[in-house]
Amino acid sequence: MFSYLLRRAITLLLVLLGLAILIFVIARIVPGDPARIALGPLATADQVTELRAEMGLDAAFPVQLWTYLTGLAQGDLGKSLLTSRPVMDDIRAALPATFELVLFTVVLQIVVSIPLGVMAAVYRNTWVDNVLRVVSLIGVVTPGFVLAILLQLVAAHYLGFFPVTGRLDGSIDFSADITGLLVVDGVLAGRFDVVLDAARHLFLPSIALAAAGIGQVMRITRTAMIEVAGRDFIEASRAYGIPERVVTFRYMLRVASVAPLTILGLEFASLIGNAFIVEFVFSWPGIASYGVRTILQKDLNAVIGVVLVSGLFFVVANLTIDLLLGLLDPRHRIRAARDR
Amino acid sequence: MSRLLDIQDLCIGFSAYGQHRRVLHHVNMHVEEGERVSLIGQSGSGKTVTMRTIIGTLPMPPGKVEQGSIHYAGQSLLDLARAERNALKGTGISIVLQDPMLSFNPVLTIGRQMDDIIRYADIRSGRRRPKAERRAQMVETLRKVQLKDSGRVLDSYPVMLSGGMRQRVLIGMALLNKPRLLIADEPGTALDVTTQAEILALLNTLVAKEGLSLLLITHNLGVVREMADRVYVMERGHIVESGPRDDIFDAPDHPYTRRLMAAVPPLYGHKVKTVTHTGPGDMVAVEGVSKDFLTRGGWLNRVTGQFRAVRDVTLNVARGDVFGVAGESGSGKTTLAKMILGLTSPSAGEIRLDGRPVSDFAGTRDFRKLIQIVYQNPGSSLNRRRTVADQLAVPLKFTGQDRAAITRRIGELLTLVDLPQAYASMYPHELSGGQKQRVAIARALSVNPRILVLDEPTSALDVLVQSTVIDLLNRLRDEFDLTYIFISHDLSLMRNFCNRVAVMLRGEVVETGPVADIFDAPRHPYTRALLSAIPVISPEEDARKPPVTEAERAKVLATSTELED
Amino acid sequence: MSALLNDPDAPNRGLTSGQMAFYRFRRNPLAIIGAIIVISVILAAIFAPWLAPSPESAGSFVDFRNRHAPPSWDHPMGTDNVGRDVLSRVIYGYRVSLGLVLGVLGFAVPFGVVLGLAAGYFGGWTETLIMRFTDIMLALPPLAMALAITAVLSPNLINAMIAITLLWWTWHTRLIYRIVKAQMNEDYVEAARVAGASDVHILFRELLPNCVSAVAVKISLDAGFVILFGAALSFLGLGVQPPTPDLGTMVATGSEYMPEMWWQAVMPGLAILYAILGFNLLGDGLRDMLDVEL
């Protein structure tokens, strides 16, 4: 098991390294001079030369790559042109907000979609299944930004209880210093007004973000459950008198949950992508908001940083899911142990 | 004696794709207390539907009981309330499903699965027992199925057990709650013949010792002869014949039963056809061939070990031989075939075809015109997205023939394997299993090869279809002076089809010679163990099986009662 | 159902797989609705100049007397902030969306399919190289990447197309790779090799036909998501630029007049939803009909 973990960790590092190189190469081969792009068409040639030197752009390409990678290894992503601060600091400031939103969203997705998917499979081809099918379809086909705007409209004008911008009400004085997650830090500090308000703020953005995934995962869960239901060992369990409820939840779901979990991991990249839109619409002070602002300003260092961090999110999420699958399915573990 | 299970006038229909079809027609059968009854049928005969209806796992809809009744110990199963019906599962009637590889939940330990079975039966009957007591019952049951080291078995996941052990555990699971009627669906069929024999013996012991009644569902007449007091023969949803075992085997009455009996290749006795023909000269010469596979793993896929799949094999196949290579799974027979076909090269030794070393010309046009292969499963060896004509054309196209010649040749080939010309434009799924295998044979013959490797060509087919395919192969051999290398685990078939055989065990050839010599006077203990394990259909054959001692068996066969480390 | 079909005792004999597929399609009204929606969108895009009530609204036409008009008989979807007919702009918007779909899938699908075939069939270093690269590409958050690319290249339809294409092929590579890996266990591949078939023959004549139905389903589902993706880019101001009528841009502009003049954002939003819904329903129907798993 340990060697398995170690190997996974090394694969993870290799993927991240590949990602870093790929992003750097893309950023450099796109036509145009990054310094010129950053300064805009009105800048003078001298200004451009100066910035080129500052950004290290006059060195040879391999040298630039090496400087960039060694900087990266020390946690240095360069300076943001937009905020004039180190990109790492900006990201560190914005990361907890995004992490909280994404975490909340994933939990929402799992809690909602897997039970509904099981329900659709158990009552397959009845009206329950049809209703759930329509629900999952609506989730899948509604564009995130359309849903976000509709939620804002409905919430602002009819519900009122759910705020439509920011993470915390301006009247509450609280800074999340421990984990950066308002809900968690609120609990730790015993400030339940903070917990409640932060949860209220999280509600609408996470629904907008979760909808597409919920639809997908529901559908995958249903398919996987139906597939597993047809296997021999399920018939055997029934024939040995295991009650239907236990067959469904212990015997089928444990085997069937592999597929939805894998999909959740793969869809994680698009989840982060959609976070760009949702954070933008809900003025959520996270890394995606930062990303959109810096992209619009053609702030290359910051853009590279944001994409890298998003990639890290994806890779770590998939590693987590892999380990989870190992817990669920002994075949993963046994194979891993044999490989030693 | 009283009737434990009594099926009266049972009719079952299915609705699928808007069509309704009846699959069981007025089935009457019963099982007496303590009796062993067999239901014989080929695939599609309705025997699995019957089993599922009895146990209560037939999906309804689409299935529907149209008329008839099933009584178990006086209770009408089809009229019972659901809870009462469920209460009988595992405690009254229990089953052993066909495939021990697929019948376990892969993510739970054996102990957990067995514990659930006991616990929920207890809950239904209002009993409560501490965990230790349930565990004691599991250990007791595993002992009944002759498994040693039950503690470790209970803590294992299914993947950690061998096929034979899983089959034993599976039988144990069925017996956990002490049912009175055990339904076994093709027990041991998915295993090697020597393991199958152990499982059948175990079932017989259990029936005798535990006072069980047994309903055995199978297509294998040899198994029936060893396992049944009374027999039902099912064909397309009808019971066509029934009666005591010896009556059926000695004097089958219905034409279908007679055809079935005739199609089973005899192992010994006057019905055996001994093939002796052989031609001059060596067609295939295998000299001191070994094949090692590297096992990889760990860091960066390093080589972690070596596994010798074939060990120092020397064989000569003469022109016109039907040379049988016998062995159980993992014996290396398929690896040997791949080396002869030039698909993988030997680690040591040399193979010559018609005097030329394989390594010199494998992959060339000459090579392909010399040797071709027919695979075990035509469902896999034919591409399901291409028409019969498309597939027959491939070897022709790559030997440089033009379109007109290819079309003409496809017509000839279909005639050769007795298929109508119209089949050229069909897709594989529109054909039956036997027809597909004929197409595969036609494809192998398309460039007029002189050697055919036949890799278990009939093992995916029903016994009736098998005999027609074997007839076809015999006819083609005579007509085109072909040399066959016939790879199989079915020794009865080999006895009647081959003129010479080699027996393989763990990569080595342990015995080789003319077919009559090997079968009548086997020298190696493995050959004897193999022959004695084959279920046969007459006492005459049983009497002529070679003797084999327990010590010899233990030496050559893998255990199915103990965990390996 | 599939378990029943695998059962040799199952009574499905006598129907060809074509008949079964047709039966499944006919019994699936949602798939038919999907097909109708997709056809209507395609027709709207092709015949936009004849169908749009006011074709001049597609450009930088201005009619300040009629601005912010709510839906009416004259303007079924109302008018926007400069008085252009929203319905006409939606119809022209479909042209842009479908153009994007054609451009993206026209390049991404063949590229992804060929790479997937090669990785699955050749194995070894080819496989490692292609699949590791695909893994890395999959780790890139697609929308962020597309945003970055279009921002640097200057935002317009062609660059949006390039950005999306660069990211889209990976899904097809993965899909085909998985199918080919499974097919490689089938004997027909070796049989073709024994018969002397070339690699090109095995790849494109033997393996590819076994991937076609999965690709067809995937393309149908993809089309909807490409539309969504393009709209999301324009919504953030990094896709198609005004005055070209684009659905995402229209939602973004319209949302400034929410909630009083809701139609300006909601109508184009629903138009996007309508198209995606159609492609999804069609894709689902095809999936059931062809019995493929994605």
| said: Against the conditions (1) more than 10 Å from every other protein chain (Cβ to nearest Cβ); (2) over 28 Å from the mean Cα position of the chain (by Cα); (3) in a helix (DSSP H, G or I), where does B:ARG166 fall short? Just the number, please. | reply: (2)
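Scan segment B:339-376 for residues that are touching a residue at least 24 places away in the same chain (Cβ under 8 Å), within 12 Å of chain C (Cβ to nearest Cβ) and at positive phi and jot them down.
Hit for segment B:339-376 is B:GLY342, nothing else.
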| task | State which residue is nearest to the other protein chains (Cβ to nearest Cβ) when the search covers only segment A:237-287 and only residues that are under 17 Å from C:LEU228 (Cα atoms) and of a type in the set (Val, Ile, Thr). | result | A:ILE272
| Of all the residues that make up segment B:8-56, how many are within 23 Å of A:ILE226 (Cβ to Cβ), in a loop (DSSP other than H, G, I, E, B) and within 11 Å of chain C (Cβ to nearest Cβ)? | 2
| request: Return the pairs, sorted by first residue and then second, in which the second residue is in a loop (DSSP other than H, G, I, E, B) and among the hydrophobic types (A, V, I, L, M, F, W, C), the first residue lies in segment B:110-137 and is more than 23 Å from B:ARG85 (Cα to Cα), the beta carbons are less than 9 Å apart, and the residues are 6+ apart or on different chains. | output: B:ILE110/B:PHE104; B:ILE110/B:LEU161; B:GLN137/B:LEU176
| note | Considering segment C:179-220, residues that are of a type in the set (Asp, Glu) and within 11 Å of chain B (Cβ to nearest Cβ), and then whichever is farthest from B:GLN376 (Cα to Cα), we arrive at C:GLU206
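Can you tell me which residue in segment B:144-160 is farthest from B:ILE95 (Cα to Cα), limited to those that are at pLDDT below 85 and within 14 Å of chain A (Cβ to nearest Cβ)?
So, considering only residues that are at pLDDT below 85 and within 14 Å of chain A (Cβ to nearest Cβ), the one farthest from B:ILE95 (Cα to Cα) is B:MET160.
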| request: Just give me the residues in segment A:186-206 being touching a residue at least 24 places away in the same chain (Cβ under 8 Å) and either in contact with a Ser or Thr (Cβ under 8 Å, 6 or more places away or on another chain) or buried (at least 21 other Cβ atoms within 10 Å of the Cβ) (or both), in sequence order. | output: A:VAL194, A:ASP197, A:ALA198, A:HIS201, A:LEU202, A:LEU204, A:PRO205, A:SER206
| task | Go through segment B:63-107 and count every residue that is within 7 Å of another protein chain (Cβ to nearest Cβ) and in contact (Cβ under 8 Å) with a residue 40 or more places away in the chain. | result | 11
| field | Count of residues meeting criterion [modelled with pLDDT under 75 and not in a loop (DSSP other than H, G, I, E, B)] in segment A:159-197 | value | 1
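Quick one: would you say B:SER380 is in contact with a strand residue (DSSP E or B) (Cβ under 9 Å, 6 or more places away or on another chain) and more than 20 Å from B:THR483 (Cα to Cα)?
no
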| Scanning segment B:302-325 for residues that are touching a Ser or Thr at 6+ places or on another chain (Cβ under 7 Å) and surrounded by 24 or more Cβ atoms within 10 Å (Cβ to Cβ), which turns out farthest from B:THR483 (Cα to Cα)? | B:VAL310
| Failed condition for B:LEU216, given (1) at pLDDT 90 or above; (2) part of a strand (DSSP E or B); (3) over 23 Å from B:ALA533 (Cα atoms), with all others met? | (3)
| query | Residues of segment B:336-372 being of a type in the set (S, T, N, Q) and surrounded by 20 or more Cβ atoms within 10 Å (Cβ to Cβ), which ones? | reply | B:GLN372
| query | Using beta carbons and a limit of 7 Å, which pairs, at least six apart or on different chains, have the first residue in segment B:509-523 and farther than 25 Å from B:SER290 by Cα and the second one of a type in the set (Ser, Thr, Tyr) and not in a helix (DSSP H, G or I)? | reply | B:ALA516/B:THR274
| query | Looking at (1) in contact (Cβ under 8 Å) with a residue 60 or more places away in the chain; (2) within 19 Å of B:ILE451 (Cα to Cα); (3) more than 7 Å from chain C (Cβ to nearest Cβ), can you tell me which one B:GLY379 breaks? | reply | (2)
| said: Looking at B:ARG495, B:ARG528 in this structure, which one is touching a residue at least 60 places away in the same chain (Cβ under 8 Å), assigned to a helix (DSSP H, G or I) and crowded, with 19+ Cβ neighbours inside 10 Å? | reply: B:ARG495
| task | Could you grab me the full set of residues in segment A:77-93 that are among the hydrophobic types (A, V, I, L, M, F, W, C), surrounded by fewer than 22 Cβ atoms within 10 Å (Cβ to Cβ) and assigned to a helix (DSSP H, G or I)? | result | A:MET88, A:ILE91, A:ALA93
| note | Matching residues in segment B:373-390 (surrounded by fewer than 24 Cβ atoms within 10 Å (Cβ to Cβ), hydroxyl-bearing (Ser, Thr, Tyr) and farther than 17 Å from C:ILE179 by Cα) number 1
| request: Considering only residues that are part of a helix (DSSP H, G or I) and modelled with pLDDT under 80, look in segment A:50-73 and name the one that is farthest from A:LEU13 (Cα to Cα). | output: A:GLU50
| Out of all the residues in segment A:134-151, is one or more in contact with a helix residue (DSSP H, G or I) (Cβ under 9 Å, 6 or more places away or on another chain), without any contact (Cβ under 8 Å) to a residue 12 or more places away in the chain and more than 10 Å from every other protein chain (Cβ to nearest Cβ)? | no
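Can you confirm whether A:THR67 is polar (S, T, N, Q) and surrounded by 16 or more Cβ atoms within 10 Å (Cβ to Cβ)?
The answer is no for A:THR67.
Being in contact (Cβ under 8 Å) with a residue 40 or more places away in the chain and more than 22 Å from A:THR142 (Cα to Cα) narrows it down to one residue among A:ALA229, A:ALA210; which is it?
Only one candidate passes the filter, namely A:ALA229.
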| From the list C:VAL194, C:VAL200, C:VAL217, which one is crowded, with 21+ Cβ neighbours inside 10 Å and free of Cβ contacts under 8 Å to residues at least 12 places away in the same chain? | C:VAL194
| B:LYS64 is checked against (1) outside any loop (DSSP other than H, G, I, E, B); (2) surrounded by fewer than 18 Cβ atoms within 10 Å (Cβ to Cβ); (3) out of contact with any Gly (no Cβ under 8 Å at 6 or more places or on another chain) and fails just one. What number does that condition carry? | (3)
| message | If C:PRO243 satisfies all but one of (1) in contact (Cβ under 8 Å) with a residue 40 or more places away in the chain; (2) buried (at least 24 other Cβ atoms within 10 Å of the Cβ), what's the number of the condition it fails? | response | (2)
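For C:ILE164, state whether it is crowded, with 24+ Cβ neighbours inside 10 Å, over 17 Å from C:ILE136 (Cβ atoms) and under 20 Å from the mean Cα position of the chain (by Cα).
For C:ILE164, the condition - crowded, with 24+ Cβ neighbours inside 10 Å, over 17 Å from C:ILE136 (Cβ atoms) and under 20 Å from the mean Cα position of the chain (by Cα) - is met.
The values are calculated or read from the model by the stated rules, or taken from the named source; none is laboratory data. Fair warning: this is a prediction, and the values are worked out from it, not measured in the lab. Reconstructed Cβ throughout: ideal geometry from the backbone, glycine too, with neighbour counts over all protein chains shown.
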